[in-house]
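Down below is the structure, laid out as structure tokens.
The values are calculated or read from the model by the stated rules, or taken from the named source; none is laboratory data. Here the structure is a predicted model, which means the values were calculated and not measured. All Cβ positions, even for glycine, are placed from backbone atoms using ideal geometry, and neighbour counts span all protein chains on display.
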Amino acid sequence: MTITITAFERSPDGGKGLARDTRVRWALEEVDQPYEVRLVSFRAMKEPAHLALHPFGQIPTYEEGDLGLFETGAIVFHIAERHAGLLPDDANARARAITWMLLRLRASGLLDEYPNLSAYVARGEARPAYERAFKAQLAVNKPPAG
Ligand SMILES: N[C@@H](CCC(=O)N[C@@H](CS)C(=O)NCC(=O)O)C(=O)O
């Protein structure tokens with residue numbers, strides 16, 4: 001079944017990968033799932049068709065057959081539940097992995113305090129799946145001049 005996500009038609013970050021569709025793209029790349037992207041303008045995000053998918057008129061969203069999801073963590077969790085490779089099978093290890101998955105690491109301020117966490121993020125962003133996700137979002141975003 002085709003997976004379709006939404007992303008900014010023109011991201012305010014100019015291609016730095018900060019918009020949250022990058023996280024969803026990354027999860028899909030990690031589990032090797034092809035996906036399509038519907039680009040939405042700021043205006044279209046607030047119109048009924050998109051609001052039916054996302055009650056707050058934001059990106060990302062996720063559609064797969066009858067299923068429509070919003071909220072990045074929920075989408076990534078759904079992908080991790082459906083496909084092997086993101087969460088361990090052992091119940092306790094899985095619970096610990098989910099804890100880290102739900103932590104908004106960048107927003108937490110912990111990266112400055114704990115160098116091992118910055119190194120963990122750097123290792124993640126060096127992964128081929130992240131590079132593919134980043135390049136895919138960059139392809140629709142123009143970096144700022146200079
Ligand atoms: N809690 C939501 C936040 C989604 C969110 O903030 N999306 C931003 C892009 S990263 C957005 O659509 N901003 C445009 C707007 O709010 O009008 C999630 O994690 O998915």
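Only one residue in 144, 60, 88, 128 is surrounded by fewer than 10 Cβ atoms within 10 Å (Cβ to Cβ) and modelled with pLDDT of 95 or more. Which one? Steps first, answer last, please.
Details: 144 fails: modelled with pLDDT of 95 or more; 60 fails: surrounded by fewer than 10 Cβ atoms within 10 Å (Cβ to Cβ); 88 fails: surrounded by fewer than 10 Cβ atoms within 10 Å (Cβ to Cβ).
Just a single option satisfies the conditions, and that option is 128.
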If we take the stretch 30-86, then helices (runs of 4 or more DSSP H) inside it with 3 or more residues that are away from the ligand (no atom under 12 Å from the Cβ) are 72-82
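Does the stretch 58-97 hold any residues that are among the aliphatic types (A, V, I, L, M) and within 15 Å of residue 23 (Cα to Cα), and which are they? Talk me through it step by step, then tell me what you get.
So in the stretch 58-97, the residues among the aliphatic types (A, V, I, L, M) come out as 59, 67, 69, 74-76, 79-80, 84, 86-87, 91, 93, 95, 97.
Once the filter is applied, which keeps residues that are among the aliphatic types (A, V, I, L, M) and within 15 Å of residue 23 (Cα to Cα), the stretch 58-97 yields 59, 69, 74, 75, 76, 79, 80, 86.
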Residue 16 fails exactly one of (1) outside any loop (DSSP other than H, G, I, E, B); (2) among the basic types (Lys, Arg); (3) farther than 15 Å from residue 79 by Cα, namely (1)
Within the stretch 8-18, the residues that are near the ligand (Cβ under 9 Å from one of its atoms) and either over 11 Å from the mean Cα position of the chain (by Cα) or modelled with pLDDT of 95 or more (or both) are 8, 11, 12, 13
Restricting attention to the stretch 28-57, the residues that are crowded, with 18+ Cβ neighbours inside 10 Å, out of contact with any Lys or Arg (no Cβ under 7 Å at 6 or more places or on another chain) and in contact (Cβ under 8 Å) with a residue 60 or more places away in the chain number exactly 3
